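Written out below as structure tokens is the structure these notes cover.
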Amino acid sequence: MREDHRSVDELLAVLDAMVGLEPVKEQVRRLVASSRVAQQRAKAGLPVIEQSPHLVFTGNPGTGKTTVARLVAAIYKALGLIKKGHVVEADCSKLIAAYIGQTPIKTQRLCEQARGGVLFIDEAYGLAGHQHQGYGPEAIETLLKFMEDNRGDFVVVAAGYPVEMQQFLNANPGLRSRFDIVIDFPDYASNELESILDIYLDEHEFRVTPEARDKIRAYIASLSRGRGFGNGRAMRNFFNEMMRIHSLRVSTETEMSVDDLTLVTDRDVPEVRSGEAATATTSFSGHGYL
């Protein structure tokens, strides 16, 4: 595990540099402010308002949940809430075993790996979905006990779709009391998706012609939004597809100039997808990374 020695303010600057996610950034700043005020109240001999550090992230894929979980882990370490600040990423398959009686052992082992840091459980609602087999409740009970026994040096961030995560929180009375902070990750607006795509282009030193830019915007506006929309992941796939088309075009050149290798034209942009176009917004949130 690589130690992260950045300060809270440095980590918040990294968060601020991410595209969009303004509600998420506000919630994280509230967490930091609450922790700092609690520390000052303790120093002053005042009663401290205890707040659970465990979080629920809801939203579609590709909205930055994993990235923010890693930043939160580093922020918690910088605040002194956990010792190591590392993140153990898992899904239900990492916690639930194939046979009754094995799930508590498997879950306990994973929690031990995350001690001193953050256990990030993606699609955590799957734990509630396994109740009919008897395995999900075992994992939840083991998780809750470990959270209670290791208060102050073990944090869980559970993530998934909004409706399903409410079902997860309802699966056990102890979950609601420990996960009292739910942070929703909104889908990216069209202009924000364009900014994410520009990050990939800038990282690889590509330039875009005006005609290609128009076609890119039309493509992004044509994407169907809703449950399961890939957001940042969709832009990564879009970038990779453009690069394959670009590579095929320039590979026919006898000699490839730097201009050939770095210029994206309208011929390199995939055709607009059929279907109802999504409504594009006009306000930009700034640049950053996903």
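The values are calculated or read from the model by the stated rules, or taken from the named source; none is laboratory data. Keep in mind the model is a prediction, meaning the values are calculated, not measured. Reconstructed Cβ throughout: ideal geometry from the backbone, glycine too, with neighbour counts over all protein chains shown.
Computed quantities for the displayed model
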read-out	value
Checklist (1) farther than 26 Å from K25 by Cβ; (2) part of a helix (DSSP H, G or I) applied to A171, failing item	(2)
Residue match in the range 101-113 (condition: closer than 21 Å to V163 by Cα and among the hydroxyl-bearing types (S, T, Y))	no
Only listed residue being assigned to a helix (DSSP H, G or I) and modelled with pLDDT under 95, chosen from D198, D214, D202, D259	D259
Counted residues, the range 231-256 - those being surrounded by 18 or more Cβ atoms within 10 Å (Cβ to Cβ) and part of a loop (DSSP other than H, G, I, E, B)	1
Selection count where residues are surrounded by fewer than 18 Cβ atoms within 10 Å (Cβ to Cβ) and of a type in the set (D, E, K, R), scope the range 95-123	3
Residue within the range 144-164 that is closer than 21 Å to V28 by Cα, among the small types (G, A, S) and assigned to a loop (DSSP other than H, G, I, E, B) present	yes
Contacts under 6 angstrom Cβ, first residue in the range 188-209 being touching a residue at least 60 places away in the same chain (Cβ under 8 Å), partner in a helix (DSSP H, G or I) and of a type outside the set (F, W, Y), 6 or more apart	S190/I220; S190/A221; I196/G232; I196/M235
Elements of type helices (runs of 4 or more DSSP H) in the range 1-103, at least 2 residues being touching a residue at least 40 places away in the same chain (Cβ under 8 Å) and within 19 Å of the chain's Cα centre (by Cα)	8-17, 22-43, 65-79
Which listed residue, of L79, L71, L143, is surrounded by 16 or more Cβ atoms within 10 Å (Cβ to Cβ) and under 21 Å from L169 (Cα atoms)	L143
